[in-house]
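Quick notes on the structure that follows.
The values are calculated or read from the model by the stated rules, or taken from the named source; none is laboratory data. Bear in mind the structure is a predicted one, so any value in this text is a computation, not a measurement. Positions of Cβ are backbone-derived with ideal geometry, glycine not excepted, and every protein chain shown enters the neighbour counts.
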Amino acid sequence: MRHADLLAGTATTDLDHSRRAFGRYYTPPAVAARLAEDVAAAVDWNSGQTIRCIDPFCGDGRLVTEVLRNSHGRMPSPTRWQVWLYDLDPQATKDAGEAVSAVADELGLSCEIHSGVADAFSLLPESGGGFDIVVTNPPWEALKPDQREMGAMSDVDRQAYLQAMRGYDSMLATKLPWSQPERKFSGWGTNLSRCGLELALRLCRAGSGVCGIVLPASAMNDQSSARLRRWMFEHHDVHRIAHYPAEAKLFAGVDQPFVTVLARAESRRSEAVLDRYQTDGSLSDSSTISLTSASLGGLGYRVPCDIPGRLMQLLMKWQDMPALGNLEGSDREALWMGRELDETGYAQFTGPDGTVPFIKGRMIGRYATPRGSDLFITDAHARLPESVGHARVTWRDVSRRSQRRRVQATMIPADMVTGNSLHVAYFRDDDESRLLALLALLNSMPVELQVRSGLGTGHVSLGVVRSVKVPGLDDPVAIAILASLARQALDGDAHAITRIEATVAELYGLDSDATSDIERFFLDPYARG
């Protein structure tokens, strides 16, 4: 890990460096204990007299010690343990070895410990590891140059750093092909948590090995990890997924949702348990979710762990409906979606006077006239996109995860231009009724649910919006009803918004119970029941 060695000399503090370069965020004790209990319950303790266990990113060894404690009383006697512990932090590796040894002595276990300062990714055996238990919390870092640290490097060190990182990235792509993203931007895009998931599964003994792993929640849901999830679900038996919200703040210094995954290295099963925990760490709900190829394939192999299992079943039920992206094309009646002007340095081409208003995301709200639009394009030679000549639906690109409604959409007329903090959509034939119907659908609860299920960040990804299922846009009666109601909503009629929700619910085949479930989820995502 030569690039990390070069980084060590420039980090502002030892803690800053170890967290950024090595992903040093130790698993919260309660989470470690819960995951270890699940792992111990899944192991076939009668498969042999020796248990081979590894944590390739061991930290202080807490995951392995918890597994040892939870195995007590389950194992036939005598059972011999062989434990491997690896980490890039020398002190952590030493602490882990001592902790595992102490717990083994406490429990009277015969335990042979192999520990060392090493990069587990580089040690991946070509034929797999043959371990009975793999339990780990891999680094969560994205592999890309750190501009903050590079600024303190000499030109020579900077070039060496980039070259070493590219070489490391190439090694990971070769050894762990499934964890590579679908696309890389500027040559970067490898995420070490995804690599850690593939490594952990590959280290399991074929047919019986058990894997317990801690990951950022986005690993289960983002578009770039679809290949990895498909490989995992089609070739492994995923037993349980547990989701913890960002608001729980269980990791010191990390404010993001995370999951634990329990899997076995054997043929897949058709369902798994999804546990969702509340912000106080207590269990919110537990449900069984479908893992069939048909159900997962329709969702792009996404598992939106932050929504209850009963709502996930609705997403699967809608998979035969047309996706919004399918309406895009070059035909006269086709839909166009995208973004318009780059807002970078917008002060250089906008001002208080002009004829073409410039609209930013903060000026947009649901069914609301753009507010605060006191900016105009001042560059007479500015090349405006073709979309400016059409009335459009527009919605914010940036929307906080904590917002009750993340899709914030409204209509804007032709001859306004938007910045790239907004997305826009229009029909090429300027069919106003279809456009108003689309607005009603985008602001509805079923679309909001779908969008939430696909988002892992504060951005309302256009790719996710393209994937939502939208019934009714080929039905003249539905279009007429939705268009009329959307006009009223744009005029400030709150009752019309309520009627839109009822009409859209009918199009999606929702009964009153399902509609109430979605409403309750939006009001309190972690309410029990």
Taking helices (runs of 4 or more DSSP H) that fall entirely within the range 442-501, which contain at least 1 residues that are of a type in the set (Gly, Ala, Ser) and at pLDDT below 95?
445-454, 462-467
Within the range 127-144, is there a residue that is on the phi > 0 side of the Ramachandran plot and assigned by TED's automatic domain parsing to the domain that holds Cys204?
yes
Filter the range 104-122 for residues that are within 22 Å of Tyr168 (Cβ to Cβ) and without any contact (Cβ under 8 Å) to a residue 60 or more places away in the chain; which is surrounded by the most Cβ atoms within 10 Å (Cβ to Cβ)?
Ala118
Of the conditions (1) at pLDDT below 95; (2) closer than 30 Å to Pro29 by Cβ; (3) in contact with a Pro (Cβ under 7 Å, 6 or more places away or on another chain); (4) not basic (Lys, Arg), Met220 fails just one. Which one is it?
(3)
Condition test on Ser461, is it under 26 Å from the mean Cα position of the chain (by Cα) and not assigned by TED's automatic domain parsing to the domain that holds Gln223?
yes
Here is a list: Leu262, Leu291, Leu228. Which entry is surrounded by fewer than 21 Cβ atoms within 10 Å (Cβ to Cβ), out of contact with any Pro (no Cβ under 8 Å at 6 or more places or on another chain) and aliphatic (A, V, I, L, M)?
Leu291
Criterion first (surrounded by fewer than 19 Cβ atoms within 10 Å (Cβ to Cβ), out of contact with any helix residue (DSSP H, G or I) (no Cβ under 6 Å at 6 or more places or on another chain), over 29 Å from Val238 (Cα atoms) and of a type in the set (Lys, Arg)) does Arg80 satisfy it?
no
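Per-residue answers, yes or no, for (1) part of a loop (DSSP other than H, G, I, E, B); (2) in contact (Cβ under 8 Å) with a residue 40 or more places away in the chain; (3) assigned by TED's automatic domain parsing to the domain that holds His459:
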| residue | (1), (2), (3) |
| --- | --- |
| Pro370 | yes, yes, yes |
| Asp374 | yes, no, yes |
| Ala380 | yes, no, yes |
| Thr394 | no, no, yes |
| Arg400 | yes, yes, yes |
| Arg405 | yes, yes, yes |
| Ala414 | yes, no, yes |
| Thr418 | no, yes, yes |
Can Gly354 be described as outside the structural domain of Ser270 (by TED's automatic domain parsing), over 27 Å from Pro525 (Cα atoms) and in contact with a strand residue (DSSP E or B) (Cβ under 7 Å, 6 or more places away or on another chain)?
yes
Regarding Arg194, is this residue under 26 Å from the mean Cα position of the chain (by Cα) and either of a type in the set (S, T, N, Q) or not in a loop (DSSP other than H, G, I, E, B) (or both)?
yes
Just for the range 134-155: of the residues that are buried (at least 16 other Cβ atoms within 10 Å of the Cβ) and over 26 Å from the mean Cα position of the chain (by Cα), which one is modelled with the highest pLDDT?
Met153
Counting just the residues of the range 204-218 that are surrounded by 18 or more Cβ atoms within 10 Å (Cβ to Cβ) and either in a strand (DSSP E or B) or free of Cβ contacts under 8 Å to residues at least 60 places away in the same chain (or both), which one comes out nearest to the chain's Cα centre (by Cα)?
Pro216
Consider only pairs whose beta carbons are under 6 Å apart and that are at least six residues apart or on different chains; among these, list those whose first residue lies in the range 37-61 and is in the same structural domain as Trp140 (by TED's automatic domain parsing) and in contact (Cβ under 8 Å) with a residue 12 or more places away in the chain and whose second residue is part of a loop (DSSP other than H, G, I, E, B) and among the hydrophobic types (A, V, I, L, M, F, W, C).
Trp45/Met75
For Ala160, are the conditions met, namely being assigned to a helix (DSSP H, G or I) and surrounded by fewer than 21 Cβ atoms within 10 Å (Cβ to Cβ)?
yes
Looking for something surrounded by fewer than 17 Cβ atoms within 10 Å (Cβ to Cβ), in contact with a helix residue (DSSP H, G or I) (Cβ under 6 Å, 6 or more places away or on another chain) and part of a helix (DSSP H, G or I) - is there at least one such residue anywhere in the range 173-188?
no
When the residues of the range 32-53 are narrowed to those that are within 26 Å of the chain's Cα centre (by Cα) and buried (at least 24 other Cβ atoms within 10 Å of the Cβ), which ends up nearest to Val214 (Cα to Cα)?
Leu35
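Conditions tested, residue by residue: (1) surrounded by 19 or more Cβ atoms within 10 Å (Cβ to Cβ); (2) touching a helix residue (DSSP H, G or I) at 6+ places or on another chain (Cβ under 8 Å); (3) under 27 Å from Pro471 (Cα atoms).
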| residue | (1), (2), (3) |
| --- | --- |
| Tyr301 | yes, yes, yes |
| Cys305 | yes, yes, yes |
| Pro308 | yes, yes, yes |
| Glu328 | no, yes, yes |
| Asp353 | no, no, no |
| Phe358 | yes, yes, no |
| Arg362 | no, no, no |
| Pro370 | yes, yes, no |
| Ala380 | no, no, no |
Kindly provide the set of residues from the range 192-208 that are in contact with a Leu (Cβ under 7 Å, 6 or more places away or on another chain) and farther than 16 Å from Thr260 by Cβ, ordered by number.
Leu192, Cys195, Glu198, Leu199, Arg202
For the structure I just gave you, tell me whether Glu501 is over 23 Å from Asn221 (Cα atoms), out of contact with any Cys (no Cβ under 6 Å at 6 or more places or on another chain), surrounded by 18 or more Cβ atoms within 10 Å (Cβ to Cβ) and of a type in the set (Asp, Glu).
yes
Restricting to the range 344-366, and then to whatever is in a loop (DSSP other than H, G, I, E, B) and either of a type in the set (Lys, Arg) or touching a Gly at 6+ places or on another chain (Cβ under 8 Å) (or both), can you tell me which residue is farthest from Leu442 (Cα to Cα)?
Lys360
